[in-house]
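Input: a single structure, listed below in C-alpha cells.
Only the coordinates and a few stated rules stand behind these numbers; no lab work does. Source: prediction; values computed, not measured. Positions of Cβ are backbone-derived with ideal geometry, glycine not excepted, and every protein chain shown enters the neighbour counts.
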Amino acid sequence: MIKNELSSGIHIRPKEYPYFIAQAYFHTALGLQKEIEEVGFETIQKYAIEGVIWFTPCLNERWKYKKSRERLLNIVRLTENEDEIIGMSPHFMIVSRK
C-alpha cells in the first residue's frame, strides 16, 4: 500500500480496514503547486499545517506547558515554508491568487 501511495499518490483503502482514511489522492507540495499554477493561479506561499512537530514524543503533554509550547511553535514558524521539509507535515496548504 505504501509503495503505491508514494509512487502514484493514490490511496486505496484496503477492504480489511474499513475505518482507515477513505479513497484519497496524496499530493506532494511541488505537485500541488504545479497543478495550481497550470490553471492560472500564482503561488503566494506554501505552509506546513502541523509542520515537523507532529511526531514529537509526548506532544500533547509538552503542549500543556507554555515554554515548551513556545519552543514547538518557534520550530514550526522557522520551518513551515521550507520546501525541502514541507512534505514531513501530514497536511500543507498553498496560498495563491488568480
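Here are the numbers for this structure:
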item: Whether the range 43-96 is rounded, prolate or oblate, judged on the alpha carbon gyration tensor where a/c under 1.5 counts as rounded; result: prolate
item: FRET E, pair LYS66, MET88, Förster distance 22 Å, beta-carbon r, rounded to 0.05; result: 0.30
item: Descending semi-axes in whole angstrom, ellipsoid equivalent of the chain, from the Cα gyration tensor; result: 26, 23, 10
item: Among ALA29, MET88, SER68 - extreme Cα towards positive end, dipole of the range 28-97, charges at beta-carbon; result: SER68
item: Lys, Arg +1 and Asp, Glu -1 on Cβ, resulting dipole of the range 28-97 about Cα centre, debye, nearest 20; result: 620 debye
item: Qualifying GluC sites (Glu not before Pro) in the range 12-60, DSSP loop, other Cβ atoms within 10 Å at most 10; result: GLU16
